[in-house]
Amino acid sequence: MKNLYLTSIFCICVSLSPVWAAESAAPTAADPCAEFRYKTRLNLTTSYGKLRYNLGYDRQALTRLGQQYGLIESGMFASGLSLIGIDWSVTLNTVTRVAADDSICILPMSLDVFVGYQDPTIYIDRALNRESCSYQLVLRHEHQHQQVAVAALEYFLPRVRAEINARLDAVGPSNVASLSQTDAATAQMNRKYIALIEPLVDKFKATLLHEQKKLDNRQNYEFESSICQNKTPIPK
């Protein structure tokens, strides 16, 4: 399980064309496992997580929190912050078969992949009056960050599915000397799949950060600040 924590300044723009780390394991004529016919099945699942709100931090604490993630530029402060965790896991399910020459073959039958979010949280300065324009503006801004995250995941999942499906056959069956080696062989095959999928997750993270940063720049901050100063209705 890998957890990559991001915050309220993100982005989405890199193409999905990873360098696949696992070497092809297509069986050859001399491979005793070549007699078995099977097709590895992909089970891809996701979750958006349950959005939570935290009003327990003041502006100074939120600014420090944002600085920890490299989100707050020098001379700026945070009245709100959005944090979300990117969670992913890969689990390979195998079956054991005995070939005609008594070789023991471990076949990769299905691959369970999870890519999604955990603990999406909006932080707002506790000093802000909930009825004030400033509070509503900060809340709207942080909601936009969460909406971008949802849209990014919806956009990437079909592409991740296609990329993984195209590479499922890159990891072939494993020939072991004894049944006691089954777990070790399965773990090694699982690591190969992780090597295939990790570049996709890295590109998804980089793209998400890029898209989120479109909301977090001085020009947008100045525009949002002018809304309350000029008593302009907050856009929906």
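The values are calculated or read from the model by the stated rules, or taken from the named source; none is laboratory data. Quantities reported herein were computed from a predicted structural model and do not represent experimental measurements. Virtual Cβ from ideal backbone geometry, glycine too; neighbours counted across all protein chains shown. Heavy atoms of the whole protein, side chains included, go into the accessibility calculation; ligands, DNA and RNA do not. Shrake-Rupley method; radii C 1.70, N 1.55, O 1.52, S 1.80 Å.
Rolling a 1.4 Å probe over the protein heavy atoms of region 90-163, with every protein chain left in place, gives an accessible area that is 48 percent carbon and sulfur. Taking 0.36 nm per residue of separation and subtracting the current Cα-Cα distance, fully stretching the chain between Arg140 and Asn54 would add 29.5 nm. Once the chain from Arg64 to Ser225 is taken as fully extended at 0.36 nm per residue, the excess over their C-alpha distance is 55.8 nm. Using a basic spin-label model with each label point 7 Å from the Cα along Cα→Cβ, how many nm lie between Phe77 and Ala99? In this crude label model, Phe77 to Ala99 measures out at 7.0 nm. Label positions at Tyr155 and Thr45, each projected 7 Å from the Cα along the C-beta direction, are separated by 2.7 nm. Legend: calculated FRET efficiency, Asn165 to Gln118, from the Cβ-Cβ distance at R0 = 22 Å, rounded to 0.05, equals 0.30.
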